[in-house]
1. Tell me which residues, restricted to region B:30-46, are among the hydrophobic types (A, V, I, L, M, F, W, C) and either at positive phi or more than 7 Å from every other protein chain (Cβ to nearest Cβ) (or both).
2. List every residue pair whose Cβ atoms lie under 6 Å apart, where the two residues are 6 or more positions apart in sequence or sit on different chains, the first residue falls within region A:284-299 and is facing another protein chain (nearest Cβ under 9 Å) and closer than 13 Å to B:Arg20 by Cα, and the second residue, located anywhere, is among the hydrophobic types (A, V, I, L, M, F, W, C) and in a loop (DSSP other than H, G, I, E, B).
3. Filter region B:53-87 down to the residues that are away from chain A (no Cβ under 11 Å), buried (at least 19 other Cβ atoms within 10 Å of the Cβ) and at pLDDT below 95 and list them by number.
4. Would region A:307-329 turn up any residue that is more than 17 Å from B:Ile101 (Cβ to Cβ), touching a residue at least 12 places away in the same chain (Cβ under 8 Å), under 24 Å from the mean Cα position of the chain (by Cα) and more than 10 Å from chain B (Cβ to nearest Cβ)?
5. Does A:Asp270 satisfy the condition of being more than 26 Å from the chain's Cα centre (by Cα) and either of a type in the set (Asp, Glu) or under 25 Å from A:Ser111 (Cα atoms) (or both)?
6. Taking A:Leu46, is it farther than 24 Å from A:Leu119 by Cβ and modelled with pLDDT of 70 or more?
7. Would you pick out the residues in region A:235-251 that are more than 9 Å from every other protein chain (Cβ to nearest Cβ) and touching a helix residue (DSSP H, G or I) at 6+ places or on another chain (Cβ under 7 Å)?
8. Go through (1) part of a loop (DSSP other than H, G, I, E, B); (2) closer than 30 Å to A:Arg144 by Cα and name the single condition A:Glu294 misses.
Amino acid sequence: MNGPTPVHLLTGFLGSGKTTLLRRMLADPAMAGAAVLVNEFGEIGLDHELLDRIDETVVLLKSGCLCCTVRGELADALLALHSRRARGEVPFFDRVAVETTGMADPYPALSTIRSHPVLRNHYRTVGVVTTVDAVNAPGLLDTRLEALRQIGAADLLALTKTDLAPPARVSDLIARLASVNPSARVMTASEVGAMDFLTEAGSLPPPPESARLNHHAGTFRADTPVTSFALEIEQPIDWTGFGLWLTMLLDRHGENVFRVKGILNLMGEDRPVAVHGVQRLVHSPVHLERWPDERRTTRIVFIVHGLDHALIEASFRAFDAMARRIAARGVSA
Amino acid sequence: MCSLCGVLGCDDHWTSAVARPGVYTHNSDRIARRREAARRLAVANALLATRRLRLSEWQGRSYVLASPTGSTRIFEALSHLWSEAGALAGRPFDPLDPSFIASIEAIR
């Protein structure tokens, strides 16, 4: 096949319905060509037995949790699948779905695929789907940072067990999820189809309504809330200054930047550029074909843990203005 | 190995992504790549000058960061720049530090 194989990450807290969703997705013809890696934390892995598909493209990563102990195992499994596909030893697969453990922070898995010197040439992560349990999530959002990281990293939030929770509680949860991660789509799991699951994150601009400011999104550790906010800049921005600014921000504060997602109105470019990242990982920027609406502005959504929104905006503007001053006077490194 | 220049080691930072359909990059041709590299050095050096550091490229495949006392750090990827610069300067570069923001606003 041409180009790197897309990898879809499925995450969600313990018991939130990841395997149920994956099982339904795998039954769809659109997913017929998917290899599956299941990471389970425990002595005996069971989840992969529940997938109704036993062949060599279903691999269980069982040595521990993906985000700490089995990163090497993830890399080895992906490399082995690639080699065996090339030799015709496993059924051909055109994409990979990775189901993480319920406790996993998705960032290390994304980072492993993005930065491994061999993997990065053969695979590319294209989206994160997070299952959210409508019964237990409200409590988890207050107490478990892992749950917030999973929600913050998501491109699609799939609400599960909505039939077991009162409608008012579900609508409160949807509002809260929209404030934790305004850049993600929220759907009930039963509505999620294979094409929703497979949609590439970079192909979607942030939703227009995401330009809301200063949401208080969670109450995790009352002194350091997780919050989301959006920057909107009318003037075209400088690509070089933006790159150095975001690199410095993530170098210093990456563990507290759960998500960055935006479209950029760049100097000298007619079409917008989409950028998205999770903690210290930033995906390759995507040159979009057209603007999502009539506003030709830079819009960036941040989900941050205990960082000052006003300082982020002031810093962004200072870097951009400085880079534009240097561009105006001509380059002399 | 870098698919563009054919040398071992390469900056795979997201701002200089390998040119593929749909990806925004200045890596699509040699002139655009060199122009962007020069711009990046100019802007980075303006920031680094606030701590008297200076960045240069070595044969287009590594970065060399130097302090006024002659200490140097060599690294391949732009993703290492700010951690290396913080280590060389003796304190981290924090874009959310109000005094650092003020010093950036003063750069002319």
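The values are calculated or read from the model by the stated rules, or taken from the named source; none is laboratory data. Note that this is a predicted model, so its numbers are computed, not measured. Don't worry about glycine lacking a Cβ; one is built from the backbone with ideal geometry, like all the others, and counts go over all protein chains shown.
1. Correct list: B:Ile31, B:Ala32, B:Ala37.
2. Final answer for the pair search is A:Ser284/B:Ala17.
3. Passing the criteria: only B:Tyr63.
4. no
5. For A:Asp270, the condition - more than 26 Å from the chain's Cα centre (by Cα) and either of a type in the set (Asp, Glu) or under 25 Å from A:Ser111 (Cα atoms) (or both) - is met.
6. Taking the combined requirement at face value, the residue does not satisfy it.
7. If the condition is that a residue be more than 9 Å from every other protein chain (Cβ to nearest Cβ) and touching a helix residue (DSSP H, G or I) at 6+ places or on another chain (Cβ under 7 Å), then A:Ile237 is the only one that fits.
8. Going through the list (1) part of a loop (DSSP other than H, G, I, E, B); (2) closer than 30 Å to A:Arg144 by Cα, A:Glu294 breaks only (2).
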